[in-house]
Structure formats: structure tokens, C-alpha cells
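To keep things clear, I will list the structure first and then write my remarks on it.
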Amino acid sequence: MQLQQLAYFVAVAELRHFTRAAERVHVAQPSLSQQIRALERELGAELFRRARGNIALTDAGETLLPLARRILADTDTARLEVQELVQLRRGRVRLGATPSLCTGLLPDVLRAYHLQYPGIQLQVEEAGARDLIRELATGNLDLALVILPLQSHDPALATTELLREDLVVVSSAAEPARWEGGSLRIEDLRDQPLVMFRRGYDLREFTLGACRAAGFEPTFAVEGGEMDAVLGFVEAGLGIAVVPRMVADRRDTVRVTSFAGSEVHRTIGLAHRNDVEPPRAARELRRVLVDYLTRAADAGALPPGTRLLREGAGRSRRGRADTAGREAGAQKSGGQESGGQETGAKETGAKETGAKETGAKETAS
């Protein structure tokens with residue numbers, strides 16, 4: 001049974017005339033009659049009672065008519081929906097991002113994407129990098145903005161380096177500056193009251209790892225909380241915290257202190273499944289993201305404390321975390337990097353030293 005045969009059948013059933021039905025479907029009348037008879041042979045029943053000047057549906061024809069109309073309508077709907085997806089008039093993108101990126105980067109990127117593709121539904125999941133990687137691996141996300149390198153090895157995941165993000169220390173703006181000169185080292189966090197993120201939160205692991213690599217256990221003033229709660233506790237004067245600069249610079253009620261000599265930082269990347277190509281709508285979001293970052297970098301308008309990894313943007317690779325021992329050694333070697341070690345165009349995780357490996361290993365907050 002062919003769709004063409006059903007279309008011919010519906011035309012004859014509605015017009016009750018073979019010649020006019022042939023004209024409607026733009027085919028010669030003998031060809032139409034031949035296809036109707038072929039359909040009847042396949043079904044094993046006559047569909048029309050043919051008499052001179054009178055065409056009527058048989059019981060079999062009456063039964064088939066609503067079914068044929070439904071099949072043809074569903075076919076048209078399927079064709080239109082697929083065309084709309086291909087042409088990005090409809091669709092869905094499921095994007096995961098860490099809390100700091102949801103507030104510091106995504107609004108402008110998603111606005112640019114929505115202006116180009118207003119019919120695409122955007123679903124954003126805000127979570128820590130570890131949770132996002134798990135959701136991505138199970139197919140619940142199309143793309144995820146995470147911190148590189150990944151904590152766990154999964155050959156089915158590919159990553160693309162995008163940005164280098166500085167981390168800073170925040171304290172209450174209502175209190176006097178804690179450090180002369182406006183900068184500090186990891187060692188200066190010893191015996192300082194820290195407002196610590198909840199267990200499983202990525203910045204918690206970074207702060208603990210950096211402190212332990214410097215030879216001390218941090219002191220907690222308050223423990224547990226997401227980004228907004230931690231910043232609120234800092235604003236209230238309960239302690240200090242290590243957070244991304246792009247988040248800290250948006251809060252007038254906190255004092256921002258950089259790490260001395262060079263920033264402690266980490267690498268922001270885009271991850272997707274390597275064994276399944278993302279939907280076209282997701283691929284377009286990736287393109288819009290890279291284009292936005294490139295234009296923003298050229299205009300000096302990137303989020304505070306971030307730098308574009310120009311070679312990284314667009315280069316995909318499989319991500320894998322370094323071993324904990326190697327990371328700890330890198331942190332202990334100074335926790336920092338010299339400005340001359342990093343350029344905008346050359347970023348390779350295997351060659352980074354000091355806090356470059358320290359920062360890169362941590363997953364997002």
C-alpha cells in the first residue's frame with residue numbers, strides 16, 4: 001500500500017468522479033484508475049461501486065476512508081515537523097551549566113541564540129560539574145559548560161576548552177581589608193574563617209585541595225550552602241570564601257582580593273557526547289557561544305576575570321582529570337603561575353604548572 005494510492009482513493013471518494021479526481025491530484029485518469037485497482041487487489045476488496053454516472057463507496061471503502069485521511073494527515077504533519085526541525089523553526093536544546101556560569105555568562109549567550117532561533121525551546125539545568133557530566137553521559141543533556149579537565153574518564157565524552165576563569169577571595173565590604181597590598185597567597189588562608197560550600201560542591205574541593213597542598217587544614221566558620229548562600233554569609237561578615245571573579249565582581253557588598261603574583265584559575269569548557277552527534281539546534285548553540293565569546297574578547301567585553309582560549313575554541317578532545325598526586329604536587333610548587341607562562345593563543349593542559357593545574361583540575365561551582 002502506497003501513500004500515493006491512498007491520496008488517489010481519498011480524491012475519488014470525496015469527488016465521486018474519477019476524471020475530476022485525476023485533475024485534483026495532477027495525474028492522468030487511466031493512471032489513477034490503475035492505482036485504485038492495484039489498491040483494491042492488495043486489500044482484497046472493492047472500494048467503489050462503479051456505475052455509469054454514479055460512483056459510491058462500498059463498505060470496505062467507507063471503512064478505509066477515515067483511516068486513509070488520518071494516514072495522509074499524519075504524513076503531512078511528520079513532513080512539516082521534520083522540515084521545521086531541519087530549518088530550526090522548532091526544536092529543543094538541553095544545556096547544563098554551573099551556577100557561576102548561569103549568572104555570569106549564559107544570559108547574554110542565550111539571548112543571542114534566542115534572537116536567531118526564537119522557536120527553539122531552551123532547557124537549562126544548573127548543577128555542579130560532576131552532576132552535569134553524569135547527566136550528559138546518560139543522554140539527559142545535549143551540551144554542558146563544565147570545568148576541565150574532567151574528574152573522571154569517559155571515552156564517550158568530548159570537551160572543548162573555551163575560557164580561563166580567575167578565582168579570588170571575597171570578604172565583607174563592611175569590614176577592614178584583611179591583607180595589605182590588596183592581594184594574598186593560598187598560605188594566607190591559614191587560620192582564616194572560611195565560608196565553605198556544601199559537600200560535593202566543586203569549589204569546596206578546590207579550596208580544600210589548595211589549602212592541603214600548602215600544608216594546612218582550613219578553618220570553617222560556616223559549612224554548607226550553594227553560591228548565593230555562601231556569598232550571603234560572607235556579606236554578613238561570617239568569613240571569607242574562594243569564588244570565581246565573574247561572580248564576585250557583580251556583588252557590591254563584598255571585597256574582592258586577588259591572589260598575589262598571578263591568578264589562581266581554572267578552565268571552562270564545553271562538553272558533549274562523543275558517540276552521538278548533538279542535534280542541529282545544539283550544534284547551532286555551540287556555534288553561537290563560540291562566536292559570542294570571540295566577539296566579546298575582541299571588544300574587551302568578556303565576563304570579569306575570564307580570558308578566551310582562542311586555540312581551544314572549536315578544538316574538541318576527550319577530557320580526563322590528572323591524578324590527585326600530580327595535582328597536589330603542582331599546587332605545592334607554588335599555587336600560582338607567572339604571567340609570561342600564559343598567552344591567549346597557547347593553552348595546553350599538559351604543560352601548565354602551579355595553580356594552572358590546580359585550577360584546571362577543579363570542577364565547576
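The values are calculated or read from the model by the stated rules, or taken from the named source; none is laboratory data. What you see is a predicted model; the values in this text were computed from it and never measured. FYI the Cβ positions are ideal-geometry reconstructions off the backbone, even for glycines, and counts take in every protein chain you see. Heads up: the accessible areas ignore ligands, DNA and RNA and are worked out on the full protein's heavy atoms, side chains in. Shrake-Rupley method; radii C 1.70, N 1.55, O 1.52, S 1.80 Å.
Within the set of other residues whose C-beta is less than 13 Å from the C-beta of residue 177, count the net charge using Lys and Arg as +1 and Asp and Glu as -1.
Net charge around residue 177: -1.
From the phi angles alone, apply the Karplus equation (6.51, -1.76, 1.60; θ = phi - 60°) to the range 249-257 and give each ³J(HN,Hα) in whole Hz, x where the residue is Gly or Pro.
Result, rounded to whole Hz: 5, 8, 10, 6, 8, 10, 9, 9, 10.
What figure, in Å² to the nearest 10, do you get for the accessible area of residue 178 with a 1.4 Å probe and non-protein molecules left out?
Its heavy atoms expose roughly 80 Å² to the probe.
Can you send over the solvent-accessible area of residue 247, 1.4 Å probe, protein chains only, in Å² to the nearest 10?
10 Å²
List the residues whose amide H sits under 5 Å from the amide H of residue 274, counting only those 5 or more places along or on another chain, with H placed 1.01 Å from N in the peptide plane.
157, 158
For residue 152, enumerate residues with amide H under 5 Å from its amide H, sequence gap 5+ or separate chain, H modeled in the peptide plane.
For residue 152, the qualifying residues are 321.
Using only Cα atoms, figure out Rg for the range 134-198 and give it as a multiple of 2.2 N^0.38 Å.
This ratio for the range 134-198 stands at 1.69.
Determine ³J(HN,Hα), in whole Hz, for all residues of the range 152-159 in sequence, where each value follows from phi through the Karplus function 6.51 cos²θ - 1.76 cosθ + 1.60 and θ = phi - 60°; x replaces Gly and Pro.
Values, residue by residue: 10, 8, 9, x, 7, 10, 10, 10 Hz.
Could you compute how fast the range 202-299 diffuses translationally, taking Rh as the Kirkwood radius over C-alpha pairs and applying Stokes-Einstein at 4 °C with viscosity 1.567 mPa s? Give it in µm² per second.
After rounding, the answer is 77 µm²/s.
Please compute the alpha carbon radius of gyration of the range 86-215, then divide it by the globular-protein estimate 2.2 N^0.38 Å. Two decimals is fine.
1.33
Which net charge results when you count Lys and Arg as +1 and Asp and Glu as -1 among the other residues whose beta-carbon is under 14 Å from that of residue 281?
Details: positive: 89, 90, 92, 94, 280, 283, 286, 287; negative: 81, 84, 142, 277, 284.
Residues close to residue 281 contribute a combined charge of +3.
Simple spin-label model, 7 Å along Cα-to-Cβ: residue 125 to residue 180 in nm?
Reported label-point gap for residue 125 and residue 180 is 5.1 nm.
For residue 28 and residue 294, compute 0.36 nm times the residue count separating them, minus their Cα-Cα distance, and round to one decimal in nm.
89.9 nm
Could you list the square roots of 5 times each eigenvalue of the Cα gyration tensor of the range 35-157, that is, the equivalent ellipsoid semi-axes, sorted largest first and rounded to whole Å?
For the range 35-157, the ellipsoid semi-axes come out as 55, 18, 10 Å.
If we count every other residue with Cβ under 9 angstrom of residue 256's Cβ, Lys/Arg +1 and Asp/Glu -1, where does the sum land? The partial results should precede the final answer.
Working: positive: 245, 251, 255; negative: 249.
Its environment carries a net charge of +2.
With θ set to phi - 60°, apply the Karplus curve 6.51 cos²θ - 1.76 cosθ + 1.60 along the range 206-215 and write out the HN-Hα couplings as whole Hz, x wherever there is a Gly or Pro.
4, 5, 4, x, 5, 5, 5, 5, 7, x
On average, how much accessible surface per residue is there in the range 187-317, in Å², for a 1.4 Å probe, leaving out ligands, DNA and RNA? Please report the intermediate quantities before stating the final value.
Numbers: 5490 Å² over 131 residues.
That works out to 42 Å² for each residue.
Roughly speaking, what is the stretch gain from residue 89 to residue 42, that is 0.36 nm per residue apart minus the C-alpha to C-alpha distance, in nm to one decimal?
Residue separation times 0.36 nm, minus the Cα-Cα distance, leaves 13.0 nm.
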